[in-house]
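**Q** Submitted below is the structure of interest, expressed as structure tokens.
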Amino acid sequence: MPNLIPAPASLQRLEGDPHHGEPPHGELTGSGAPESYALEVTSDRVTLTAPDEAGLFYGRRTLEQLRGPDGSMPPVRIEDAPRFAHRGVMLDVARHFFGVADVKRFIDLAAGYKLNVLHLHLTDDQGWRLESPKWPRLTSTGATTQIGGGPGGFYTRQDYAEIVRYAGERFMTVIPELDVPGHTNAALLAYPELGPDGVAPPPETGIHSPGRSLNVGDPAVLRFLDDVVGELAQITPGPYIHLGADEVEGMTDDDYRAFIHAAAEIVSRHGKRMIGWEEMAAVELPPGVIVQFWTDPKLRDAAVRQGAPLIMSPAPHTYLDQKYDASTELGLSWAGNVDVRDAYEWEPGDDALGVEAALWTETVEDFGAIAYMTLPRLPAVAEVAWSARRDWEDFKLRLAAHGPQWEALGLNFHRSPQVPWTAS
Ligand code: TNX
């Protein structure tokens, strides 16, 4: 959503009719902040300029949001640029699997609110969702489960490449996550030799993690990681690979620390930079890694002390899997209820690399549920990521106008009582 500030001194006139027809493609200016754009709508012209294609894309998203139900647009001058370079949303496709078509609809939602990162949580206890040529049982066995006992599923390498391509067309970078060394029940089911006792665990189809971990002291586990990270790096054009590292049980600090360092070395050898959840910051961090904060301020502070860049995903504000209020049927509530205002009114801090919302899918089974948990909280987090300005009274009115647009698109959403929705 834009900041409304005076237009720059010179704007190039472009074709485009504010009352009907397509918005202009816009014109590249060659200078200006990355992803920024300038937009002017007068009674007879729409003018859009930007330094890069992403900026033009975001200018058109703003135009879409300005357009009234009758196709008209108010006269505005906008100069707009994002506050954070990393504006993301995570989708957990492990607890419940979502096919390529659903992921594309999710990308469209996120890109519409100017998010530029899609973090895919590809593996967890309940399923391993990405084909591996060298470790085929990860999917032939490890992808056949999900919460509730459904059939699960996985992406072929072509499927994954198609998601990456579709996201890229919408200026979103895919950050794939392989969650290791904990949350690995599905991998251990497929390859019991990667675990401490060599015995296949029962499949996990419930919500809770059984707490099993890879046997990190075994060199075979590092060869496994090298293989799957290498395969993933080949089909991931973005600069990052996320290796989870969260909620590891039954491991000494020394073993965990050694694993994190080996993992970071593997990721960088394959030309990528490692991201991990905040738990990593409890030990001495390898150079260059990025930490994703979700719940423990002490670990956030430990990451900052060690100079690691932070992705901010505080659960009470950005966890789209939490209930809106006590009456919400879906969702968990360990972080408290997260209503729209909670998603909007918080401060990531100037030093953060960026902001990410997270949709864990323990209770989310289909796209209708994805949309319901995402809307209207994702636009709130997206504005935190884009804009330093925060004005709830203004935001809730702008947000209300999106209700009819979501209805027209057939999108399920939560009619939070905090927002003065207009009658449809
Ligand atoms: C915590 S956030 C988790 C996930 C759960 C989520 C549910 C994080 C690193 N771990 O495994 O799905 O809570 O809200």
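The values are calculated or read from the model by the stated rules, or taken from the named source; none is laboratory data. The structure presented is a predicted model; accordingly, all values stated were derived computationally and were not measured. As a convention, Cβ positions derive from the backbone with ideal geometry for all residues, glycine included, and neighbour counts pool all protein chains shown. The accessibility values were calculated without ligands, DNA or RNA, using every heavy atom of the protein model including side chains. Shrake-Rupley method; radii C 1.70, N 1.55, O 1.52, S 1.80 Å.
**Q** Can you name every residue in region 83-116 that is open to solvent by 10 Å² or more (accessible area, probe 1.4 Å) and among the β-branched types (Val, Ile, Thr)?
**A** Val100 - this is the single residue of region 83-116 that is open to solvent by 10 Å² or more (accessible area, probe 1.4 Å) and among the β-branched types (Val, Ile, Thr).
**Q** Another question, then. Being over 27 Å from Gln146 (Cβ atoms) and either open to solvent by 50 Å² or more (accessible area, probe 1.4 Å) or under 16 Å from the mean Cα position of the chain (by Cα) (or both), is that true of even one residue in region 356-374?
**A** no
**Q** What number goes with the only condition from (1) open to solvent by 20 Å² or more (accessible area, probe 1.4 Å); (2) at pLDDT below 95; (3) part of a loop (DSSP other than H, G, I, E, B) that Gln65 does not pass?
**A** Unmet condition: (3).
**Q** Considering only residues of region 315-324 that are in contact with a Ser or Thr (Cβ under 8 Å, 6 or more places away or on another chain) and more than 9 Å from the ligand (Cβ to nearest atom), which is most open to solvent (accessible area, probe 1.4 Å)?
**A** Lys323
**Q** For region 287-314, give me each residue that is under 24 Å from Ile235 (Cα atoms) and outside any loop (DSSP other than H, G, I, E, B).
**A** Answer for region 287-314, where residues must be under 24 Å from Ile235 (Cα atoms) and outside any loop (DSSP other than H, G, I, E, B): Ile290, Val291, Gln292, Ile311.
**Q** Here's another thing I want to ask about it. Within the group Glu284, Glu204, Glu265, Glu279, which residue is in a loop (DSSP other than H, G, I, E, B) and out of contact with any Lys or Arg (no Cβ under 7 Å at 6 or more places or on another chain)?
**A** Being in a loop (DSSP other than H, G, I, E, B) and out of contact with any Lys or Arg (no Cβ under 7 Å at 6 or more places or on another chain) holds for just one of Glu284, Glu204, Glu265, Glu279, which is Glu204.
**Q** Let me ask something else. For region 356-407, which positions are within 16 Å of the ligand (Cβ to nearest atom) and of a type in the set (D, E, K, R)?
**A** Residues satisfying the conditions are Glu356, Glu362, Glu365, Arg377.
**Q** So, one more: How many of the residues making up region 398-422 are under 15 Å from Val340 (Cα atoms) and among the small types (Gly, Ala, Ser)?
**A** Residues meeting the conditions: 4.
**Q** Output the residue which, of all residues in region 336-355 that are open to solvent by 10 Å² or more (accessible area, probe 1.4 Å) and in contact with an Asp or Glu (Cβ under 9 Å, 6 or more places away or on another chain), is farthest from the ligand (Cβ to nearest atom).
**A** Here the residue is Asp339.
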